[in-house]
Amino acid sequence: MLKQFFILCSGSDSDILKNCSIGEQNKYAGIGATVFFTAVMAFIAASYALYTVFDNLYAAIAFGFIWGLLIFNLDRFIVSTIKKRGSFIDEFIQATPRLILAVIIAVVISKPLELKIFQKEIDQVLLEEKNAMTLDNKEQIALQYNPKIEALKGDITTIENTIASKEAEVNALYDTYISEAEGTAGTQLLGKGPVYKEKRDKHDAALAELQLLKSESKSKIASIENEIALLQSDYKTNVEISQPIINNFDGLMARVNALGKLPWLPSFFIFLLFLAIETSPIFAKLLSPKGEYDYKLEDADTAVKTWVEQKVNERKVLLQTDMAINNKIYTDIAEEDELYQYKRKKARELMQLQADAFFNHQKNAL
């Protein structure tokens, strides 16, 4: 039962093959098994690749099954159409389009399995890329907010410097009127005289200005700090919103690119393996000697070809004979006097009718 199934997969004529030797049947069963398992590998590879795209198991299996059937039908058709011609060059030329297609199919089949085989290494590459993308993303978003935040911080620094300058001025005035009271500076008179009072009033006025400045600056700084906090909150929100996009950066194209950053030799050998699997039915058919099945198939094909050519030639001869007979018949009839007199009479009547019609037309015109 299994042997018959694989023979069916090979695309050979089962009616001819069942009359061949067991060895010939086993050869085509082997070719059919290769076609079948190539389709199975295509189904598995396509299902995995589509699962990474759709992230849906049932959809991936459905599309993978369709892809496997397509590869199976294509391999079966091409293998069945390769005829043993007795010349390897002619057979190879006939199989060249299939070999080119085999390279394409081998790439399509092997790539998803490479992604699965090297999944851990690919995940490591993707992790490094995600980390780099996270840092770059933060830096890019920060470029939108840092200039504003730095400008606001500069405003706070300016306000604080103004307060510090005013405090230094007040402290200097304080030292001046204290020194005047102690008699260590200014008039150098001990006691609280008019000069002391003047300097004390000046200090008190500056101190009031300082307190007012601090009060106004406190509200300004609070407002600026609130604005800075709002910008920092927006920055964190944007980072949080964009981070899931980076975290999901593990699709099919990302994994293929990550695979390309790994050493190429292991992937190349996996590709060669699938290329060998894909082309094995073709080379098995090309390299195998012309066997019993090929001779019987050629005999059946040539029998049909000969029969068709014979029918075509018979129709050509029949047509030529019929034309010759018709020509002879019409030649003989043309020589009969009775037919000549009959046609002469009819021609005379036709010419008379034409003359009468022309006369009536000219008469009506006048």
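No lab work stands behind these numbers, since they all come straight from the coordinates. Note that the coordinates shown come from a computational prediction; the quantities given were computed from them, not determined experimentally. Cβ coordinates were reconstructed from backbone atoms using ideal geometry, including for glycine residues, and neighbour counts include every protein chain displayed.
A few points about this structure:
- Summarising the overall dimensions of the range 216-312 from its C-alpha atoms, the Rg and Dmax are 36.0, 115 angstrom.
- Scaled radius of gyration (Cα, divided by 2.2 N^0.38 Å) that the range 18-67 gives: 1.66
- Positive-pole candidate from THR279, GLN25, LEU69, dipole of the chain, charges at beta carbon: GLN25
- Average silhouette area of the chain, convex hull of alpha-carbon atoms, in square nanometres: 58.5 nm²
- Inter-probe distance in nm under a simple model that places probes 7 Å from Cα toward Cβ, at LEU273 and LYS138: 4.1 nm
- Peptides 253-260, 303-310, 157-164 ordered by average Cβ neighbours within 10 Å, highest first: 253-260, 157-164, 303-310
- Within the chain, the whole DSSP H helices whose Cα atoms reach 30 Å or more along their own axis and whose mean Kyte-Doolittle score is at least -0.5 are 22-54, 57-81, 88-117, 264-287.
- For the chain, calculated [θ]222 nm from helices alone, where every DSSP H run of n ≥ 4 adds -39500 (n - 2.57): -32000 deg cm²/dmol
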